[in-house]
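Please read the structure below before turning to the comments.
The values are calculated or read from the model by the stated rules, or taken from the named source; none is laboratory data. What you see is a predicted model, and the numbers here were worked out from it, not measured in a lab. When we count neighbours, we look across all protein chains shown, and the Cβ atoms used for this are built from the backbone with ideal geometry, even at glycine.
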Amino acid sequence: MKPRAAARRPICFLPLLLLSAMALAASYKARPWTPRAVDSCPAKLTSEGITIAVDPLCTDALARQVFDKKDILTRGIMPLAVIVFNSNNFAVEVEGASCELNLTDGRVRPMAPDQAAQRVYQQKMKEKTSPIPGGTPRLKLASAPADAVRDFNDKYLGIKRIEPKSTVGGFLFFPVPEEVEIRSYLADSSVYIPEISRVDTGASMIYFEIDLKPAIDALPKK
């Protein structure tokens with residue numbers, strides 16, 4: 001009787017997995033971002049001692065200056081910077097999740113930052129086989145690098161406290177149709193910011209609705 005051949009060991013499989021994980025982790029590098037001075041933003045509004053400016057990163061090139069991904073708009077996410085200057089003698093608080101993008105045909109709520117990052121990185125990958133003979137192959141989604149998810153969360157507007165005589169900013173992530181013609185899509189649009197309150201008393205302040213047209217008009221002409 002011939003001796004049984006030794007089982008082959010997948011000696012290269014684990015190193016390949018480690019290399020793939022390292023390449024994915026190194027595929028995103030957080031970029032620094034400092035809010036612009038509100039006076040430099042075309043789209044802004046002042047009320048009750050508060051000035052809020054909105055700065056849509058509505059081209060892939062603009063978004064890439066802040067987020068290390070070259071095709072964020074193409075993949076269906078528009079980062080929108082919200083910059084708040086508080087000239088009062090008391091602190092205020094702004095809640096980003098309550099904001100909306102008002103379009104001519106409806107309203108759009110922002111996505112959570114981790115969901116936005118996943119959408120930017122998702123890729124439809126067909127499995128080789130279908131669970132049902134003759135069926136359509138299932139689709140699975142690639143995960144965003146952990147550094148990208150962390151960066152989206154770090155730059156998210158969330159709930160921000162703005163101290164007296166200071167400026168604070170953050171991003172909202174609005175879903176947009178992929179490869180949309182952004183000027184047409186945002187024509188006659190505005191950003192609605194309803195949840196602004198005083199920290200000392202908890203009293204609500206007036207809501208803001210900021211027309212995006214000045215920001216769109218200021219985009220470089222093609």
- Quickly run through segment 151-171 and pick out the residues that are within 20 Å of Tyr28 (Cβ to Cβ) and surrounded by 16 or more Cβ atoms within 10 Å (Cβ to Cβ). Asp151, Phe152, Lys155, Tyr156, Gly170, Phe171
- Query: Mind checking which residues of segment 136-168 are modelled with pLDDT of 95 or more and in contact with a Phe, Trp or Tyr (Cβ under 8 Å, 6 or more places away or on another chain)?
  - Reply: Asp147, Ala148, Asp151, Phe152, Lys155, Tyr156, Leu157, Ile162, Pro164, Ser166, Thr167
- Note on the structure: Val82 fails exactly one of (1) touching a helix residue (DSSP H, G or I) at 6+ places or on another chain (Cβ under 7 Å); (2) over 18 Å from Phe171 (Cα atoms); (3) at pLDDT 95 or above, namely (2)
- Qualifying positions in segment 168-188 - assigned to a loop (DSSP other than H, G, I, E, B) and out of contact with any helix residue (DSSP H, G or I) (no Cβ under 6 Å at 6 or more places or on another chain): Val176, Pro177, Glu178, Glu179, Val180, Glu181, Ala187, Asp188
- Message: Checking the structure you have, find out if any residue of segment 52-64 is in a loop (DSSP other than H, G, I, E, B), more than 30 Å from Asp217 (Cβ to Cβ) and at pLDDT below 95.
- Response: no
- Note on the structure: Across segment 49-107, the tally of residues that are small (Gly, Ala, Ser) and more than 19 Å from Asp154 (Cβ to Cβ) stands at 8
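Looking at segment 79-100, is at least one residue under 19 Å from Ala146 (Cα atoms) and either in contact with a Phe, Trp or Tyr (Cβ under 9 Å, 6 or more places away or on another chain) or surrounded by fewer than 16 Cβ atoms within 10 Å (Cβ to Cβ) (or both)? Even if it seems obvious, please write down each step before you answer.
Filtering segment 79-100 for residues under 19 Å from Ala146 (Cα atoms) gives 79.
Then drop every residue that is not either in contact with a Phe, Trp or Tyr (Cβ under 9 Å, 6 or more places away or on another chain) or surrounded by fewer than 16 Cβ atoms within 10 Å (Cβ to Cβ) (or both), which leaves 79.
There is at least one residue in segment 79-100 that is under 19 Å from Ala146 (Cα atoms) and either in contact with a Phe, Trp or Tyr (Cβ under 9 Å, 6 or more places away or on another chain) or surrounded by fewer than 16 Cβ atoms within 10 Å (Cβ to Cβ) (or both).
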- Item | Looking only at segment 172-222, and only at residues there that are aromatic (Phe, Trp, Tyr) and surrounded by 14 or more Cβ atoms within 10 Å (Cβ to Cβ), the one that is farthest from Val120 (Cα to Cα) | Phe208
